[in-house]
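Report on one structure; see the data block that follows.
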Amino acid sequence: MLKKAETHHQLMEQRRSLRDFSDKVIDKSIIEKLILAASTAPSGAHKQPWTFCAVSNPTIKKEIRRAAEEEEYENYHGRMSEDWLEDLQPFGTDWHKEFLEIAPWLIIVFKKVYDLKDGEKSKNYYVNESVGLATGFLLSAIHEAGLVALTHTPSPMNFLIKILNRPINEKPFLLIPVGYPADNAQVPDLTRKPLEEVSIFFE
Ligand SMILES: Cc1cc2nc3c(=O)[nH]c(=O)nc-3n(C[C@H](O)[C@H](O)[C@H](O)COP(=O)(O)O)c2cc1C
């Protein structure tokens, strides 16, 4: 058990958010399995309040990039606070998001604020917690498959509702490009907090 826990930690320790993607194709069958893995996540009253939109269509990716860059331009030129911009400095990010066209797949996670069947509304519970967990499962599955991803939030993300023609009960949650790293891909030199800083044991 300890060995398994250690091995899993070692695997997850290798996961990094990537911003430099290769355009190498990934078969749809792989993306389907990753989404199925994500959808095994626990959810409030087992409502599974999520939709994963998987986009490989170049025209739609282009449209998403254009709209995301429009929002990000505003974010980097006035909407983000000075503190926020300073915190982003080490990542070297700006409003340009070419990876949205280069990555072979974009998985857009939508949360179902409530369910809607035949015009009838029904409640979902702990939607943010549930969809956050499902997205975490997705990121783990992507990593385990040997692929890379970015957790991206070009907010406000309402443009995704329109482009992907989502119903009124769905709100965009996260935008996740998935692919292989580019040959020259780099990641920020981050360290993660040690156990003592992220946990307290009561024995
Ligand atoms: C909710 C959320 C939103 C994020 N939004 C962005 C984003 O819009 N752009 C970006 O480049 N990175 C984004 N990130 C990625 C973080 O910068 C990254 O996870 C963090 O720096 C830790 O790096 P790591 O994922 O490689 O461990 C986001 C991460 C989370 C969890």
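Miscellaneous remarks
- Summed over region 1-31, the residues that are of a type outside the set (Asp, Glu), within 30 Å of ARG65 (Cα to Cα) and within 16 Å of the ligand (Cβ to nearest atom) give a count of 8.
- Residues in region 80-134 that are out of contact with any strand residue (DSSP E or B) (no Cβ under 8 Å at 6 or more places or on another chain), more than 29 Å from ALA41 (Cα to Cα) and either among the charged types (D, E, K, R) or without any contact (Cβ under 8 Å) to a residue 24 or more places away in the chain (or both): 12 in all.
- Whether a residue is under 20 Å from the mean Cα position of the chain (by Cα), within 14 Å of the ligand (Cβ to nearest atom) and among the aliphatic types (A, V, I, L, M) was assessed, and ALA145 does not pass this test.
- Unique residue being charged (D, E, K, R) and touching a Pro at 6+ places or on another chain (Cβ under 6 Å) when the list is LYS112, LYS121: LYS112
- Test: residue in region 57-67 that is of a type in the set (Gly, Ala, Ser), more than 19 Å from the chain's Cα centre (by Cα) and modelled with pLDDT of 95 or more: no
- Note on region 152-166: among residues that are within 16 Å of the ligand (Cβ to nearest atom) and out of contact with any helix residue (DSSP H, G or I) (no Cβ under 6 Å at 6 or more places or on another chain), the one that is most open to solvent (accessible area, probe 1.4 Å) is ASN158.
- Selection within region 21-54 - of a type in the set (Gly, Ala, Ser) and in a loop (DSSP other than H, G, I, E, B): SER22, SER39, ALA41, SER43, ALA45
- Scanning region 154-179 for residues that are part of a loop (DSSP other than H, G, I, E, B) and either closer than 18 Å to VAL127 by Cα or among the charged types (D, E, K, R) (or both) yields a total of 6.
- Residue match in region 111-129 (condition: of a type outside the set (Lys, Arg), open to solvent by less than 20 Å² (accessible area, probe 1.4 Å) and either under 30 Å from PRO90 (Cα atoms) or within 12 Å of the ligand (Cβ to nearest atom) (or both)): no
- Taking the numbered list (1) part of a helix (DSSP H, G or I); (2) more than 11 Å from the chain's Cα centre (by Cα); (3) within 11 Å of the ligand (Cβ to nearest atom); (4) under 29 Å from SER29 (Cα atoms) in turn, PRO90 passes all entries but (4).
- Hey, LEU139 closer than 15 Å to GLU72 by Cβ and either open to solvent by less than 10 Å² (accessible area, probe 1.4 Å) or at pLDDT 95 or above (or both) or not: no
The values are calculated or read from the model by the stated rules, or taken from the named source; none is laboratory data. The structure presented is a predicted model; accordingly, all values stated were derived computationally and were not measured. Positions of Cβ are generated from backbone atoms using ideal geometry, with glycine treated the same way; all protein chains shown enter the neighbour counts. All accessible areas refer to the heavy atoms of the entire protein, side chains included, with ligands and DNA or RNA removed. Shrake-Rupley method; radii C 1.70, N 1.55, O 1.52, S 1.80 Å.
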